Amino acid sequence: MKLSIIIPAYNREKLLAITLDYIAAQKDVDPNSFETIIVDDGSEDGTKGVYETYRRRIRHLKYVYRARDERSCRSRARNLGLAESNGEMVMFLDTSMLIPNHFIRNLYRIMEEHAHPKLNIYHYMMGMWVEPEKHDLTVLDELTPDIMTDITKRLLALPEWLDNREGLFQLADHDLNKLAAPWTLGWSGCYTVNRAFVQEAGGFDEAFLGWGAEDTDLSYRLYKQGARIIADSEAPALHLPHFSPKEASVKEVLNKRINNGKNLMLQHQKRYEFDTEFFQLYPGPYYNHVLARFHSLSLMEIVPGYSGELLRMLRELLREESRTALIGSDLAYFIQGAGVTDVFLQNPNVIGALGRRLPDARMHYLLGMHTPFADNAFDTVVITDYIRAFPGRFAMRLLKEASRIGKRVILLFTDEYNSVINWLDGQHWSDIELIRKSATANKLTVAELAKVESTRILELTGPPRRKDLSSEILAGEEGHAVKQPMPSAQVTAD
């Protein structure tokens, strides 16, 4: 069997029925070449009745039921479907996601053209951001499987219906491995992946409860394990906008945002890498541009060329300390001259090169806003002028975390310095008042220890404000989903 379509469902009988209508309408494909699996995540409506109706229209239609409990979530529902699947590829499809009648035929073409044991296909999804309360949906009144392609062509002329990943799909010419962070585009509303590959990776991580980040977490793990990622814009899927009860809509949106923030942090805590650390601040397609810039920069273009006299003074300040960290330099002369033991860097290529030159230094692929280190893990954390290249809220987070993991923070501040990069961007660096404001907000006291030429050596001390995140790291192998026993479920199939 070529394909298994997995549809998680919870109390959406009407939307599920419409989704199945469009699967039943597929043309020019062998109906025995794919199966469809409905995973009922404890619905209390007529979801099973929908299955009973469509089992006569769709061959190889399965129904999997799991009673609702406190661990119910999209991840578990999709994993249940994955366990029951038999296809070479599996497609995760949300209820309310409609596929045109040539979708599976087009999918088989992509599978043949890009045959690969680790193939991932990110499908174009229209209407993800359409709001029923704000946008005109009357065009959908005439929507049927036979004319869906004509309707979608009309909708693609309206900006609110576009998939906001479209620009990156085009930029990479649909070969998403060309991008810096293609995994950020791996959204599970309509997403196809090699079944053996996703099973070996452990499927979706069921620690992600509620809405958000469970799909980018899986996409990230698959990307790290060598996924071949292709975008498909030839057969756009259409997300059918649906209303939420008015009295619950504001609360629902707020809860989604809160839960998404928690899940983004969980995604980072599983691995503690810069990719996921900074993704919390730019959780969307634009992150590809942000990460590409970090991966193309040398910090020599950002921070001043600190003098040998300053480095000697800094080394003397750190002489009696056993463990010290540096944020904001990737130059061997600075690392050796200051005598630091740990370095936080944001460019994997630089980490590799420096690691070979300085084998005794510990290199960490982190910025320093959310780290796995315990309170006071370092005697001192040294931060260069690099902190001034970031907006104030980022600088505040860096100081907050540095003051947690370090017994003290030393900040190098060079008066009247603006880097070439910032000058080209037309930006100005944070001044000393913003640094003092950030320190005050974090209950840190600032003292000037010395000044070498135009660079001040500032000492920041104070009580840590943030709890030790290292205690929250998930059990299990770092960077992989924690494999859990598969829950029991009732399976019905033709």
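Just to verify a result, which residue in the stretch 116-134, among those that are closer than 14 Å to H239 by Cα and at pLDDT below 95, is surrounded by the fewest Cβ atoms within 10 Å (Cβ to Cβ)?
Narrowing the stretch 116-134 to residues closer than 14 Å to H239 by Cα: 123-132.
Pick out the ones that are also at pLDDT below 95 and you get 127-132.
On the way: G127: 24, M128: 19, W129: 14, V130: 19, E131: 11, P132: 13.
This residue is E131.
Taking only the stretch 282-305 into account, find how many residues are surrounded by fewer than 16 Cβ atoms within 10 Å (Cβ to Cβ), in contact (Cβ under 8 Å) with a residue 40 or more places away in the chain and not in a helix (DSSP H, G or I).
Final tally of qualifying residues: 2.
When you scan the stretch 216-227, do you find a residue that is at pLDDT 95 or above, basic (K, R) and over 30 Å from P132 (Cα atoms), even just one?
Checked against the condition, which is being at pLDDT 95 or above, basic (K, R) and over 30 Å from P132 (Cα atoms), the stretch 216-227 yields at least one hit.
Residue under question is R323, and the condition is that it be under 13 Å from G406 (Cα atoms), in contact (Cβ under 8 Å) with a residue 12 or more places away in the chain and basic (K, R); does it hold?
Criteria met by R323.
Conditions first: (1) at pLDDT 80 or above; (2) within 20 Å of N11 (Cβ to Cβ). T276 passes all but one, so which condition is the exception?
Here T276 meets the rest and fails (2).
When W161 is evaluated against the numbered criteria (1) under 24 Å from V90 (Cβ atoms); (2) in contact with a Gly (Cβ under 6 Å, 6 or more places away or on another chain), which criterion, by number, is the only one it fails?
Single failed check for W161: (1).
Do you know which residues across the stretch 168-186 are under 12 Å from the mean Cα position of the chain (by Cα) and either of a type in the set (S, T, N, Q) or more than 16 Å from G284 (Cα to Cα) (or both)? Lay out the reasoning, then the answer.
Taking the stretch 168-186 and keeping what is under 12 Å from the mean Cα position of the chain (by Cα), we get 181-186.
Matches in the stretch 168-186: T184 only.
Quick one: is R57 surrounded by fewer than 20 Cβ atoms within 10 Å (Cβ to Cβ), in contact with a Leu (Cβ under 9 Å, 6 or more places away or on another chain), part of a loop (DSSP other than H, G, I, E, B) and free of Cβ contacts under 8 Å to residues at least 40 places away in the same chain?
Values: surrounded by fewer than 20 Cβ atoms within 10 Å (Cβ to Cβ): yes; in contact with a Leu (Cβ under 9 Å, 6 or more places away or on another chain): yes; part of a loop (DSSP other than H, G, I, E, B): yes; free of Cβ contacts under 8 Å to residues at least 40 places away in the same chain: yes.
In short, yes.
If the Cβ limit is 7 Å and pairs must be 6+ apart or interchain, which residue in the stretch 62-81 that is of a type in the set (A, V, I, L, M, F, W, C) pairs with which residue that is assigned to a helix (DSSP H, G or I)?
Hits for this filter: V64/L80; V64/G81; V64/E84.
Select from the stretch 1-47 the residues that are in contact (Cβ under 8 Å) with a residue 24 or more places away in the chain and basic (K, R) and list them in ascending order. Working first, answer last.
From the stretch 1-47, those in contact (Cβ under 8 Å) with a residue 24 or more places away in the chain are 1-13, 15-29, 31-47; that's our starting set.
Once the filter is applied, which keeps residues that are in contact (Cβ under 8 Å) with a residue 24 or more places away in the chain and basic (K, R), the stretch 1-47 yields K2, R12, K27.
How about the stretch 68-102: which of its residues are closer than 18 Å to G210 by Cβ and either outside the structural domain of I23 (by TED's automatic domain parsing) or assigned to a helix (DSSP H, G or I) (or both)?
If the condition is that a residue be closer than 18 Å to G210 by Cβ and either outside the structural domain of I23 (by TED's automatic domain parsing) or assigned to a helix (DSSP H, G or I) (or both), then R74, S75, R76, A77, R78, N79, L80 are the ones that fit.
In the stretch 387-421, which residues are buried (at least 16 other Cβ atoms within 10 Å of the Cβ), modelled with pLDDT under 90 and touching a His at 6+ places or on another chain (Cβ under 7 Å)?
Within the stretch 387-421, none qualify.
Taking the stretch 340-350, which residues are of a type outside the set (S, T, N, Q) and crowded, with 17+ Cβ neighbours inside 10 Å?
Taking the stretch 340-350 as the starting set, the residues that turn out to be of a type outside the set (S, T, N, Q) are 340, 342-345, 348, 350.
Hits for the stretch 340-350 are V340, D342, V343, F344, L345, V350.
Every residue in the stretch 152-187 that is surrounded by fewer than 22 Cβ atoms within 10 Å (Cβ to Cβ) and not in a helix (DSSP H, G or I), please.
L156, A157, L158, L162, N164, A172, D173, H174, D175, A180, W187
The values are calculated or read from the model by the stated rules, or taken from the named source; none is laboratory data. Note that the structure is predicted; figures quoted are calculated from it, not measured. FYI the Cβ positions are ideal-geometry reconstructions off the backbone, even for glycines, and counts take in every protein chain you see.
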